[in-house]
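To start, the structure itself, in structure tokens.
Only the coordinates and a few stated rules stand behind these numbers; no lab work does. All values derive from a computational prediction rather than experimental measurement. All Cβ positions, glycine included, derive from the backbone under ideal geometry; neighbour counts span all protein chains shown.
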Ligand code: IPM
Ligand code: MN
């Protein structure tokens with residue numbers, strides 16, 4: 001079979017890093033005899049400025065016909081914050097029911113880590129973030145907007161079904177990962193006594209009934225930010241809601257060496273998933289060939305893994321680790337010692353010659 005992959009290079013440095021990801025994909029696919037075709041879409045800030053539309057009619061239906069979506073970055077300095085994020089990224093996550101945001105936090109050898117005395121042996125965990133509910137559901141509204149009596153309400157939506165499918169995914173993932181077999185629920189049961197009461201009950205019910213082999217732990221979100229810095233080695237898999245997941249995964253990205261490496265998957269286990277480097281469009285580096293494409297390559301690796309091409313995914317990760325560890329001077333934009341495209345070449349070569 002041949003995989004159909006939709007490519008959305010997007011804004012800013014998105015297109016530059018996507019090119020490198022696809023370069024590596026081509027080489028690894030050839031090596032492992034994987035057939036695929038790509039279709040590119042120009043969704044993003046420039047198109048929005050030109051046409052006034054974020055996703056055109058029928059786009060989501062079209063995207064749902066692919067095996068995977070590979071996304072560069074969404075966000076444009078001339079477009080008011082929220083429009084492209086809601087219109088493209090969140091729209092796709094919701095419409096395609098990508099109910100998991102999967103964020104590995106893994107420090108590779110020789111990558112500079114801001115945590116004192118922590119190395120790759122301490123930082124290797126995965127965050128499973130719920131991706132379609134919570135505060136992101138858009139429930140709420142204004143009352144008396146623009147007056148001194150204005151009220152703004154933004155509610156967190158937590159459905160038993162949504163929470164349960166996220167928890168089950170996290171339990172399954174922990175089992176498959178087979179490291180410490182420990183799943184930590186990150187919540188705020190001491191204050192958010194409705195939402196996280198539901199999460200906590202479901203967590204223990206499901207865990208007890210169907211995953212007795214997985215150890216269950218719990219941490220409040222404020223405390224977890226502390227532990228992620230002080231004792232990241234405590235974590236195997238963390239499961240949490242949409243908003244908390246958004247916050248702690250940026251912290252996760254920093255302790256794994258920054259936006260140059262961090263990748264994420266928006267996953268619908270029964271449908272089409274979307275993979276992206278999480279660094280954003282980085283407008284100030286656009287067009288200079290200095291941005292680090294490693295996160296985009298890591299997103300490709302996740303895509304292969306979720307498609308079931310595990311061997312190819314592993315080969316790509318090995319090449320990535322080799323180049324990061326032995327070639328790059330730094331993971332920071334402009335300090336790698338090579339251009340964006342040269343880093344892509346190095347990784348592709350490492351795949352080919354391994
Ligand atoms: C992320 C991003 C998005 C989010 C933004 C761009 C809407 O920060 O993927 O974590 O908040 O989910
Ligand atoms: Mn985020």
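Sort the following peptides by mean Cβ neighbour count (other Cβ atoms within 10 Å, averaged over residues), highest first: 323-336, 101-114. Walk me through the numbers before you get to the answer.
Details: 323-336: 17.2, 101-114: 19.3.
The packing order, highest mean first, is 101-114, 323-336.
Go ahead and estimate [θ] at 222 nm for the chain from helices alone: -39,500 (n - 2.57) per DSSP H run with n ≥ 4, summed, over the residue count, rounded to 500. Before the final figure, lay out the partial values.
Values: 11 runs with 138 residues, N = 354.
-12000 deg cm²/dmol, from helical runs alone.
Counting every other Cβ atom within 10 Å of each residue's Cβ, 227, 199 order from fewest to most as 227, 199.
Peptides 79-92, 205-218 ranked from most to least packed, by the mean per-residue count of other Cβ atoms within 10 Å: 79-92, 205-218. Decide, for region 273-342, between rounded, prolate and oblate: order the square roots of the alpha carbon gyration tensor eigenvalues as a ≥ b ≥ c, take rounded if a/c falls under 1.5, and otherwise choose prolate if a/b is larger than b/c, else oblate. Oblate, because a/c is 1.5 or more while a/b does not exceed b/c. Modelled label positions at residue 80 and residue 204, each set 7 Å beyond Cα in the direction of Cβ, lie 4.6 nm from each other.
Work out the FRET efficiency for residue 193 and residue 121 from their Cβ-Cβ distance, taking R0 = 41 Å, and round it to the nearest 0.05. If you can, show how the numbers build up before the last one.
Working: r = 38 Å, r/R0 = 0.92.
Taking R0 as 41 Å, the efficiency between residue 193 and residue 121 is 0.60.
Entry for region 113-256 at q = 0.17, 0.18 Å⁻¹: log10 I(q)/I(0) = -0.93, -1.01, Debye formula applied to identical alpha-carbon scatterers, no solvent contribution. Spin-label pair residue 243-residue 353: with each label point 7 Å from Cα along the Cα-Cβ axis, the two points sit 5.1 nm from one another.
Can you give the FRET efficiency to the nearest 0.05 for residue 37 and residue 61, using r as the Cβ-Cβ distance and R₀ = 22 Å? Show your work: numbers first, answer last.
On the way: r = 19 Å, r/R0 = 0.85.
Once rounded, the FRET efficiency stands at 0.70.
Each part reduced to its alpha carbon centroid, region 271-340 and region 10-61 end up 15 Å apart. Between residue 310 and residue 49, the simple spin-label model (points 7 angstrom out along Cα→Cβ) gives 4.6 nm.
Starting from the Cα gyration tensor of region 192-237, take the square roots of the eigenvalues, sort them a ≥ b ≥ c, and report rounded, prolate or oblate (rounded when a/c is under 1.5, otherwise prolate if a/b is larger than b/c, else oblate). List each step's numbers first, then the result.
Numbers: a/c = 4.72, a/b = 1.32, b/c = 3.57.
Oblate is the answer for region 192-237, as a/c is 1.5 or above yet b/c matches or exceeds a/b.
When the chain is treated as a GNM with alpha-carbon contacts under 10 Å, the residue of 223, 315, 295 showing the greatest mean-square fluctuation is 223. For the chain, the pair-distance distribution built from all alpha carbon pairs, in bins 20 Å wide starting at 0, is 30, 59, 11, 0 percent.
Under the classification rounded if a/c is under 1.5, otherwise prolate if a/b is larger than b/c and oblate if not, where does region 207-289 fall, given a ≥ b ≥ c as square roots of the Cα gyration tensor eigenvalues?
On the way: a/c = 2.72, a/b = 1.50, b/c = 1.81.
Since a/c reaches 1.5 but b/c is at least a/b, the shape of region 207-289 is classed as oblate.
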